[in-house]
Amino acid sequence: MTVPFREATIDLDAIADNVRHFRRLTGVEVLAVVKANAYGHGAAATAVAALSAGATRLGVAEIPEALELRRQGVHAPILAWLHAPGERFTQAAAENIELGISSFDQLEAAAAAAAVDSPVAVHLKFETGLSRNGIAPGDWGRVLAEAARLERIGRLRVVGLFSHLSNTSPADDRAALAKFEEGVAAAASFGIRPEIRHIAATAAAIDLPETRLDAVRIGIGLYGQSPFDDRSSAELGLRPAMTLRGAVAAVRRVPAGTGVSYGYDHRTDRDTTLVLVPLGYADGVPRSASGRLPVSIGGRRFVNVGRIAMDQFVVDVGDTPVSIGDEVVLFGDPTLGVPSAREWADAAGTIDYEIVTRIGHRVPRRAS
């Protein structure tokens, strides 16, 4: 079997299983978050897999991401919630994209995009303590009054009310939930009664049942990664969907004292074998993990040596027999004995969200 030079294999069955797991766990609708090319997994294929397993909506950050899904033939409800200043919503409205609204100006722009007898679907976002986008509490009355008016005259349809949690602590998240419930009550006082209320992402969906409301937005959990430092994906009943692979591009037997990669941050302390792996920071391999990055070759674990370069890095395999073309598993499902994205994140001083999302565009994705 020929091993790909570099490839990210995406297990769509794992994505579907993760959706089913969250449906069983929470008992509410699952909104599958497929922003940033589905955290690097491929947005359209991920969306189809998630919807086939019972997700009812998709979530993206920006309208262009939603429009690309439409072009790929995805017709399910899609919510986009982060908009450029002065964004016009005409094309989004024409494609039935649901809009997250965080200001009075955005509300007016959404209403202006409505066609005759075709109100624009919106989710009003309340700022509840994260200090990012969202309608500020001082503006709730003004925005809600106008949203109610626009709904009555058929320009808008308020599909949802939502917010985000900080995941700082259960107490902080419960405080944000209480603030959100104030917003829901205020909306009801203006006659706004949405189809769904949603505030929980993966972490809260698992740990804070009271935040599940009508729907949960599942991002990192959709891809089988854990949002917690103290619990693995397997302990949460999740299956990692991405496996990053490459093929050994060169094998070199070297004497003790040989320098490795730029700057000679590493010199061999014995006669040994060095192998070249053809992925680098242009492909999403974190340079900050140089000298600590785990990989699996021939079922055995090794750690890279020297600096990770743009296109490649080096692994010291000692006296282990390795040949050009042998498979290298960079990360995948740790229950199969290979390194995990979390281990990579620990080596780089970051989070597993960033590891999977930053896998570069020249790494082909292959659904399995």
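The values are calculated or read from the model by the stated rules, or taken from the named source; none is laboratory data. Computed from a predicted model, the values in this text were never measured in an experiment. Glycine also receives a Cβ, built like all others from the backbone with ideal geometry; neighbour counts cover every protein chain displayed. We work out accessible area using only protein heavy atoms, side chains counted, and drop any ligands, DNA or RNA first. Shrake-Rupley method; radii C 1.70, N 1.55, O 1.52, S 1.80 Å.
Label region 1-43 by shape, choosing from rounded, prolate and oblate, from the square roots a ≥ b ≥ c of the eigenvalues of the Cα gyration tensor; if a/c is under 1.5 it is rounded, and otherwise prolate applies when a/b is larger than b/c, oblate when it is not.
Oblate.
Kindly report, to the nearest 10 Å², the accessible surface of S189 as traced by a 1.4 Å probe over protein heavy atoms only.
S189 has an accessible surface of roughly 90 Å² with all protein chains in place.
How large, in percent, is the carbon and sulfur part of the accessible surface of region 28-107 at a probe radius of 1.4 Å?
53 percent
Determine the shape class of region 89-139: with a ≥ b ≥ c the square roots of the Cα gyration tensor eigenvalues, call it rounded for a/c under 1.5, and otherwise prolate if a/b is greater than b/c, oblate otherwise.
prolate
I need to check one value: relative contact order of the chain, counting alpha carbon pairs closer than 8 Å and at least 6 residues apart, in percent.
Averaging sequence separation for qualifying contacts and normalising by length gives 18 percent for the chain.
What nm distance separates the two modelled labels at E108 and D271, each placed 7 Å from Cα along Cα→Cβ?
7.9 nm
Would you mind computing, in nm to one decimal, how far apart the modelled labels at S368 and R152 are, each placed 7 Å from Cα along Cα→Cβ?
Rounded to a tenth, the inter-label distance reads 5.8 nm.
In nm, give the distance between the simple-model label positions of A115 and S323, each being 7 Å from the Cα along the Cα-to-Cβ direction.
In this crude label model, A115 to S323 measures out at 6.1 nm.
Once the other residues with Cβ under 10 Å from the Cβ of D229 are scored (Lys, Arg +1; Asp, Glu -1), what is the net sum?
Taking every Cβ under 10 Å from that of D229, the sum is 0.
Could you work out what % of the accessible surface of region 219-301 is carbon and sulfur, using a 1.4 angstrom probe and leaving DNA, RNA and ligands out of the count?
Solvent-exposed carbon and sulfur of region 219-301 make up 45 percent of the total.
Using a/c under 1.5 as the rounded threshold, could you call the chain rounded, prolate or oblate? The axes a ≥ b ≥ c are square roots of the C-alpha gyration tensor eigenvalues, and prolate needs a/b larger than b/c, oblate otherwise.
prolate
Please arrange Y353, Y262 by accessible surface area, largest first, computed with a 1.4 Å probe and ligands excluded.
Y262, Y353
Could you provide, to the nearest whole Å², the per residue accessible area of the chain with probe 1.4 Å?
Result: 43 Å² of accessible area for each residue.
I'd like the orientation of helix 43-52 relative to the chain: the angle between its Cα long axis and the longest Cα principal axis, in ° from 0 to 90, rounded to 10.
70 degrees
Suppose only helical runs count, i.e. DSSP H with n ≥ 4. What mean residue ellipticity at 222 nm does that imply for the chain under -39500 (n - 2.57) per run, divided by all residues and rounded to the nearest 500 deg cm²/dmol?
The helix contribution divided over the chain gives -8500 deg cm²/dmol.
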